[in-house]
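Reviewing the structure listed below.
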Amino acid sequence: MMPIKRLYRSQRARITATPLSLRPQLSMKEKFFRIAIFMGVLLAALYAGMQLGEYRKDMRQSNSSLLQQNQMQGLQQQLDALHKEQALLSQQLTVVGAERDALKRELTALQQDFAITRETLSFFESLLQSNDRNRSASFVACELQTSTVDRLRYRLLLVQGTDKTTELAGRLLVSLQYHQGGKKQQLSANTQGASIAVAHYHRAEGEFELPVGATGPFVMEARLVEPQGSKVLASCQKKF
């Protein structure tokens, strides 16, 4: 019993020592006002949190947009650099193409000069080596070569016989034999039967325009005949 009495006395002493305080009872209006203030504070905190979230979201979107813009600018710069490099390469190709065309023209001119030089050499060799005083004329150059896909070009050099002092008149006949559809055909030059006068030498050249389906072998024949007759004064053949 003694411990219980001691506990009871200590509780009474503690209650007696605690000063009395009076708390007024809140009315319903005050309670509602406090609740309203609490709800307002809570709503303000929620609104502030939402605004902070929106701000962070906008910042992230802005940073992402800025990063994409920087990437787009970098890609555009790379694209511009590629366009410039492509334009430079195109200019270089144009220059190379122009140089190639110039070289082709120069090669063609050199080939023509070579053909003329060879023709001239053949002419002088014929003059030096010919001992046939009875021959009135002869072809020292009789050439046939490709001009384009559908054209063949011929070149002729007719030389008057040795010790001939008067002009040699005649008609020049140039023709081309070819095959078409398994049959042999013949094509005459545009200058077929042209009257010429040979004083020492005569140079002639022209082209044959091949018909569709023409195949080789191609055989060119050149003849110099009398002005009013058919006697052959000189002739040559070239197979191509």
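The values are calculated or read from the model by the stated rules, or taken from the named source; none is laboratory data. Everything numeric in this text was worked out from a predicted model, so none of it was measured. Here the Cβ positions follow ideal geometry from the backbone for every residue, glycine too, while neighbour counts run over all protein chains shown. Note: areas computed on protein heavy atoms with side chains; ligands, DNA, RNA excluded. Shrake-Rupley method; radii C 1.70, N 1.55, O 1.52, S 1.80 Å.
Placing a label point 7 Å from the Cα of residue 136 along the Cα-to-Cβ line, the residues of the range 212-232 whose backbone N sits under 14 Å from it are 223-232. Extending 7 Å from Cα along the Cβ direction at residue 94 and again at residue 111 yields two label points whose distance is 2.8 nm. Legend: calculated FRET efficiency, residue 183 to residue 237, from the Cβ-Cβ distance at R0 = 22 Å, rounded to 0.05, equals 0.60. Which pairs in the list 183/231; 184/239; 104/238 are over 20 Å apart, alpha-carbon to alpha-carbon? Checking Cα-Cα distances, 183/231; 104/238 exceed 20 Å. Working from label points 7 Å from Cα in the Cα-to-Cβ sense, the residue 32 to residue 45 distance is 2.5 nm.
Compactness check for the range 31-132: Cα Rg over 2.2 N^0.38 Å is 3.39.
Computed over the range 135-239, the P(r) tail beyond 20 angstrom holds 39 percent of alpha carbon pairs.
Top to bottom by accessible area (1.4 Å), largest first, where do 167, 54 land? Could the numbers behind the result be given before it?
Details: 167 125, 54 95 Å².
Ranking 167, 54 by accessible area, largest first, yields 167, 54.
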